[in-house]
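Novice: Before I ask anything, here is the structure I am working with.
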Amino acid sequence: MVKKKRVRLIAEMARKVRAYRALKNQPRESQKYALDYNTMTRPHTGKILPILAWQDARRENRLFSLLSGLRLFGVGRLFTRKSWLTEHPGAPSYWQVTKVKVDYTAENMDHGRAWGILTHKGKQVSEVKEIDKVMYHDWRLVPKHEEVQFKLYYPVPETPTRYVSYPPLLRAMILAQRQKAGLGKLAEEPILPLKRDVLLSKDYFRNREKEREREEGTAV
């Protein structure tokens with residue numbers, strides 16, 4: 001006979017209370033990502049911001065610093081980042097905010113979570129998902145009257161790759177043959193064509209065989 005498991009109600013209630021207290025005592029994002037702009041350190045963790053980020057931390061804004069000053073917390077607006085503008089200026093990259101969950105306990109309500117649709121290098125790469133790196137100090141709001149112009153993107157057709165470099169060993173063999181033939185360094189870098197416009201028929205192989213016999217000579 002299987003022994004019935006004893007239910008310990010008080011122990012189960014104590015476990016739930018401990019889990020609730022641990023969840024309640026977790027630091028909020030406003031505490032975790034708070035920044036002392038005089039020392040450039042986060043008081044909660046004691047970590048110092050990288051020196052390269054100090055200038056942006058003083059001049060640029062975090063995402064929720066911009067959202068807190070907009071109507072409906074910026075739902076429907078476009079936001080980009082300074083790093084995107086400098087890395088690929090010809091192709092627009094931005095988030096279109098669709099949902100915002102604000103931490104109302106934070107001062108100035110400049111912390112929380114946000115969701116949106118990401119467009120990277122002119123292409124929409126995802127459905128609605130949570131926006132990451134909202135605590136970075138390089139977010140910028142796209143003005144309302146510039147949104148249409150900012151979203152315009154004319155992709156440049158990519159030229160197909162027609163030539164590639166030879167493998168290192170084969171390249172060394174070709175260069176050795178050229179040096180032996182007296183070409184030296186005057187010859188161009190050997191490249192391998194990816195497409196050969198040669199019709200591989202019976203006549204082609206027959207002609208190749210005749211050329212090989214002509215070069216080697218007739219066997220005695």
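Novice: Report the gain in length on full extension from Asp132 to Gln55: 0.36 nm times residue separation, minus Cα-Cα distance, nm rounded to one decimal.
Specialist: That pair, Asp132 and Gln55, stretches by 25.6 nm at full extension.
Novice: Next up: Mind checking which of Asp203, Asp103, Asp36 has the largest fluctuation in a GNM of the chain, springs on alpha carbons under 10 Å?
Specialist: Among Asp203, Asp103, Asp36, the largest GNM mean-square fluctuation belongs to Asp203.
Novice: Leaving out ligands, DNA and RNA, and with a 1.4 Å probe, what % of the accessible surface on the stretch 17-89 is carbon or sulfur?
Specialist: 52 percent
Novice: Determine the distance separating the Cα centre of the stretch 91-145 from the Cα centre of the stretch 66-84; give it in Å without decimals.
Specialist: Taking the Cα centre of the stretch 66-84 as reference, the centre of the stretch 91-145 is 6 Å away.
Novice: Could you identify which residue out of Val148, Val134, Val17 has the top mean-square fluctuation in a GNM of the chain using Cα springs shorter than 10 Å?
Specialist: Per the Cα network of the chain with a 10 Å cutoff, Val17 tops the list.
Novice: Arrange the peptides 61-68, 75-82 so that the one whose residues have, on average, the most other Cβ atoms within 10 Å appears first. List each step's numbers first, then the result.
Specialist: On the way: 61-68: 21.4, 75-82: 17.9.
The packing order, highest mean first, is 61-68, 75-82.
Novice: Given an 8 Å cut-off on Cα distances and at least 6 residues of separation, report the relative contact order of the stretch 29-158 as a percent.
Specialist: 26 percent
Novice: Normalise the Cα radius of gyration of the stretch 29-158 by 2.2 N^0.38 Å (N = residues in it) and let me know the number.
Specialist: Computed over Cα atoms of the stretch 29-158, the ratio equals 1.11.
Novice: For the chain, what does the equivalent ellipsoid look like in terms of its semi-axes, each the square root of 5 times an eigenvalue of the Cα gyration tensor, given largest first in whole Å?
Specialist: 63, 31, 22
Novice: Under a straight-distance cross-link criterion of Cα-Cα below 18 Å, which aspartates and glutamates are reachable from Lys195, leaving out those fewer than 8 residues away in the same chain?
Specialist: Output for Lys195: Glu158.
Novice: Please get the size of the charge dipole for the chain, origin at its Cα centre, with Cβ charges of +1 on Lys and Arg and -1 on Asp and Glu, quoted in debye to the nearest 20.
Specialist: 1740 debye
Novice: Hey, which of these cross-link pairs are over 29 Å Cα-Cα: Lys47/Lys101; Lys101/Lys144; Lys99/Lys144; Lys180/Lys202?
Specialist: Lys180/Lys202
Novice: Okay, moving on. With unit charges on the beta carbon (Lys/Arg positive, Asp/Glu negative), name the residue among Trp84, Ile51, Tyr33 whose Cα is farthest towards the positive pole of the charge dipole of the chain.
Specialist: It is Tyr33.
Novice: With helices defined as uninterrupted DSSP H runs, which ones in the chain have an alpha carbon span along their own long axis of at least 15 Å and mean Kyte-Doolittle hydropathy of at least -0.5? Don't skip to the end; give the middle numbers.
Specialist: Values: long enough: 9-24 (22 Å, -0.04); 168-180 (18 Å, -0.01); 202-216 (21 Å, -3.25).
Correct list, ordered by number: 9-24, 168-180.
The values are calculated or read from the model by the stated rules, or taken from the named source; none is laboratory data. Not measured: the values here are computed from a predicted model. Every residue, glycine as well, gets a Cβ built from its backbone with ideal geometry; the counts of neighbours run over all protein chains shown. Just so you know, the surface numbers come from the protein's heavy atoms only, side chains and all, with ligands and any DNA or RNA stripped out. Shrake-Rupley method; radii C 1.70, N 1.55, O 1.52, S 1.80 Å.
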